[in-house]
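Read through the structure below, which is laid out as structure tokens, and then see the notes.
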Amino acid sequence: QVQLVESGGGLVQPGGSLRLSCAASGGIFRLYTANWYRQAPGKQRELVAGITGVGSTNYLDSVKGRFTISRDNAKRTVFLQMNSLKPEDTAVYYCNLSGATISSWGQGTQVTVSS
């Protein structure tokens, strides 16, 4: 069973930066695709960015050029570097690991972009 713990959320002004981290325990981390999702109040959860075990990435169009997903397989951690943050990026951000037999979620971390 894979357990995920996110950190790094908080309050930031528009134009600012945050770095989210997601530490995994259990399972074979390097085999899983790691994803960051977000859910804003009253909206559906959406996929923000994903990275495969070998480092291929994909991004939501609205975050391309501003967010960067990365992973450290040795430390079993996935990151989301968020730059040039906008108020519309405000949401609870969730880490997800997915594989052939698993789909595990973290507890979520709040990101608020406001002046």
With only alpha-carbon atoms counted, please give the Rg and Dmax of the chain, in Å. 13.3, 43
With springs only between Cα atoms under 10 Å apart, run a GNM on the chain and tell me which of N35, N96, N83 wobbles the most. N83
Using Cα pairs closer than 8 Å and at least 6 residues apart in sequence, work out the relative contact order for the chain, in percent. 36 percent
At a Förster distance of 25 Å, what's the computed FRET efficiency of D61 paired with Q39, Cβ-Cβ distance as r, to 0.05? 0.90
Restrict the search to segment 34-87; then list the trypsin sites (Lys or Arg not before Pro) that DSSP places in a loop and that have at most 15 other Cβ atoms within 10 Å of their Cβ. K43, R45, K64, R66, K75
Taking just the C-alpha trace of segment 12-60, give me its Rg and Dmax in Å. 13.4, 37
Where nothing but the Cβ of Lys and Arg (+1) and of Asp and Glu (-1) is charged, how large is the charge dipole of the chain around its Cα centre, in debye to the nearest 20? 160 debye
Amide H neighbours of L60 under 5 Å, at least 5 residues apart or on other chains, H built in the peptide plane: list them. A49
Extension gain R19-Q3, at 0.36 nm per residue separation less the Cα-Cα distance, in nm? 3.8 nm
Listed residues S17, S98, S56; largest mean-square fluctuation, Gaussian network over the chain with Cα springs below 10 Å, found at S56
Taking amide H positions as placed in the peptide plane 1.01 Å from N, state which residues far from T90 in sequence (5 or more) or on other chains have amide H under 5 Å from it. V113
Share of the chain's accessible area from carbon and sulfur, percent, 1.4 Å? 49 percent
State the answer as a single residue: which of W36, G9, I51 lies farthest towards the positive end of the charge dipole of the chain, with beta carbon charges of +1 for Lys and Arg and -1 for Asp and Glu, about the Cα centre. I51
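The values are calculated or read from the model by the stated rules, or taken from the named source; none is laboratory data. Just so we're clear, the structure is a prediction, and the values are computed from it rather than from any experiment. FYI the Cβ positions are ideal-geometry reconstructions off the backbone, even for glycines, and counts take in every protein chain you see. Accessible surface areas use protein heavy atoms only, side chains included; no ligands, DNA or RNA. Shrake-Rupley method; radii C 1.70, N 1.55, O 1.52, S 1.80 Å.
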